[in-house]
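These notes concern the structure reproduced below.
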Amino acid sequence: MVKHRENRPGQKTAGGLGAKPRRDMPGKPPAKPAHASRPAKPSRDQGEHMAEPRAAAPAAAAPERPLIARTGERPAERVPVILESLGAGDFHLIDSGNGLKLEQYGPYRIVRPEAQALWPPSLAAHVWDNADAVFTGDTDEDGMGRWRFPREALGETWPLQLLGVDFLGRFTAFRHVGVFPEQIVHWAWMKEQVEAAKRPLKVLNLFGYTGVASLVAAAAGAEVTHVDASKKAIGWARENQALGRMEKLPIRWICEDAMKFILREERRGNKYDIILTDPPKFGRGPNGEVWHLFEHLPLMLDICREILSPKALGLVLTAYSIRASFYSIHELMRETMRGAGGVVESGELVIREAGLDGHTPGRALSTSLFSRWVPK
């Protein structure tokens, strides 16, 4: 059972006043759709490339698609919303401090860098020293490093389970282990929506990484389209599907640039009931495409709105490692969803320390920003 709570210290429910339709800036052409898949050097996003970083390349030409001038009132808002997880399945955060975090992933205790952990650890040093794996090397979020195994050598992968879905943990060169557990709250919300619906739902998982969210949605009864530009990530996702004996679930695995995919879906008139999108702050595509979050995010969300179904249940955006307030993506989401009604709720995803036993609440560790549109 997922242990999480949704804390809303303040709440605004009135819809925004009408304003002039949004237009592209005078004298500046609309941003070209660029690569919106996983970066070669990931930044705590939901889908790293597992290949070596490549040198930057100029953006490849892509069909231009101007932003749509939206009219009508902005959706109501709920801010700030803090979505908190105490852990689920085989994961919980044991302790944090001094720029590090101590986590439990199945049988292993893992130490990784965590710049947000400004406080001293709560647990004794010998608890930390007893970790099974420690990420060392470059402490920059995008930097490569290596794993040290103080007790005994461990294999590259090991089995894990979250929300009833089996998958493989993996020690990668970019400190990540195959899942971003702060996303549990989004996945649990999605699972509830799919199970409660009285109709089949279509879910689009952009930047799908290792497929855990896609498997959760499909197991709940959704028809899922999973998109990631990394062949290795898609291969890992298929391994996870096979591990859980879920090969018969309705999942389309698409290895393609995310922006190109949603542009094509828009042209074809395809629609989705729930869209999960977790773009990196910077990424490079296989054909030299370049993605910059602040430059290309408005167009990406604009297209996502166009491919939401008339009875859509949600559009979820998560943003990592950006120097911005959650209000930046909150106001962008409200502008994007002008005239659609509903509510935009935005804030932070946090993980609560749970101690050695997994049940003792401690301090909250901030992990990312999010914004989520829902129809009510």
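The values are calculated or read from the model by the stated rules, or taken from the named source; none is laboratory data. Computed from a predicted model, the values in this text were never measured in an experiment. Reconstructed Cβ throughout: ideal geometry from the backbone, glycine too, with neighbour counts over all protein chains shown.
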**OP:** Return yes when Glu192 is at pLDDT 95 or above and closer than 20 Å to Ser346 by Cα and no when it is not.
**Re:** yes
**OP:** Take the residues in segment 63-88 that are crowded, with 18+ Cβ neighbours inside 10 Å and at pLDDT below 95, then tell me which one is nearest to His296 (Cα to Cα).
**Re:** Arg65
**OP:** Filter segment 169-178 down to the residues that are modelled with pLDDT of 95 or more and among the hydrophobic types (A, V, I, L, M, F, W, C), then identify the one that is surrounded by the most Cβ atoms within 10 Å (Cβ to Cβ).
**Re:** Val177
Original post:
Which condition breaks for Ser328 when tested against (1) free of Cβ contacts under 8 Å to residues at least 60 places away in the same chain; (2) in a loop (DSSP other than H, G, I, E, B)?
Top reply: (2)
**OP:** Scan segment 113-134 residue by residue and report those that are outside any loop (DSSP other than H, G, I, E, B) and among the charged types (D, E, K, R).
**Re:** Asp129
Original post:
Taking segment 336-376 only, how many residues are crowded, with 19+ Cβ neighbours inside 10 Å, in a loop (DSSP other than H, G, I, E, B) and of a type in the set (Asp, Glu)?
Top reply: 1
Subject >> In segment 195-218, the residues that are surrounded by fewer than 19 Cβ atoms within 10 Å (Cβ to Cβ), in a helix (DSSP H, G or I) and either of a type in the set (Gly, Ala, Ser) or without any contact (Cβ under 8 Å) to a residue 12 or more places away in the chain (or both) >> reply: Ala196
**OP:** Would you please name the residue that is farthest from Ile68 (Cα to Cα), looking only at residues in segment 237-273 that are among the hydrophobic types (A, V, I, L, M, F, W, C) and in contact with a Phe, Trp or Tyr (Cβ under 8 Å, 6 or more places away or on another chain)?
**Re:** Leu243
Original post:
Is segment 148-163 home to any residue that is without any contact (Cβ under 8 Å) to a residue 12 or more places away in the chain, part of a helix (DSSP H, G or I) and surrounded by fewer than 24 Cβ atoms within 10 Å (Cβ to Cβ)?
Top reply: no
Original post:
Here are some conditions: (1) surrounded by fewer than 17 Cβ atoms within 10 Å (Cβ to Cβ); (2) farther than 23 Å from Thr336 by Cβ; (3) without any contact (Cβ under 8 Å) to a residue 40 or more places away in the chain; (4) small (Gly, Ala, Ser). Gly288 meets all but one. Which one does it not meet?
Top reply: (3)
Subject >> Tyr272 vs. criteria of a type in the set (Ser, Thr, Tyr), surrounded by fewer than 23 Cβ atoms within 10 Å (Cβ to Cβ) and in contact (Cβ under 8 Å) with a residue 12 or more places away in the chain >> reply: no
Original post:
Within segment 219-242, which residues are over 18 Å from Ala312 (Cβ atoms), free of Cβ contacts under 8 Å to residues at least 40 places away in the same chain and either small (Gly, Ala, Ser) or in a loop (DSSP other than H, G, I, E, B) (or both)?
Top reply: Gly235, Ala237, Ala242
